[in-house]
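Just below is one structure, and these are the notes that go with it.
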Amino acid sequence: MACVWATFGIALGIITAPAPRNAVLLAGGIIAGLIVLTPIGVLLGLAGGRHTESLAGGSIGLIAGMILSPMAGTANPLIALSTGMIMGGLIGATLIGLFWRLPRWCAQLA
């Protein structure tokens, strides 16, 4: 799970790098993304989230951000891409477990 979120951090660092992209700005963005998102992946993994669901949610969120950002008319569509990826990953890691696995687990207890 930490590796998936580290990958999200690398992608986020590349996506949100300022406009005149050079090696220093890209490296700084990648390091910042790793610092911020890897602990989130560790915590989600400890909470029981699965990496496949998080990766699927992040991918769907990234695609949704690509599709919806031109429709919304945002000033910077890259922000919509990164927000969609992060929110999709969070939704994939938490809501699927909450609404699919938890009821099955509670039914086994009863």
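The values are calculated or read from the model by the stated rules, or taken from the named source; none is laboratory data. The structure presented is a predicted model; accordingly, all values stated were derived computationally and were not measured. For neighbour counting, all protein chains shown are included, and Cβ atoms are generated from backbone atoms with ideal geometry for every residue, glycine included.
Does PRO18 qualify as being surrounded by fewer than 20 Cβ atoms within 10 Å (Cβ to Cβ) and under 18 Å from LEU90 (Cα atoms)?
It is false that PRO18 is surrounded by fewer than 20 Cβ atoms within 10 Å (Cβ to Cβ) and under 18 Å from LEU90 (Cα atoms).
Tell me which helices (runs of 4 or more DSSP H) are completely within the chain and hold 3 or more residues being small (Gly, Ala, Ser) and touching a residue at least 12 places away in the same chain (Cβ under 8 Å), or say none if there are none.
2-15, 23-46, 51-72, 77-96
Of all residues being exposed (fewer than 13 other Cβ atoms within 10 Å of the Cβ) and among the small types (Gly, Ala, Ser) in segment 90-110, which is modelled with the highest pLDDT? Just the residue, please.
ALA107
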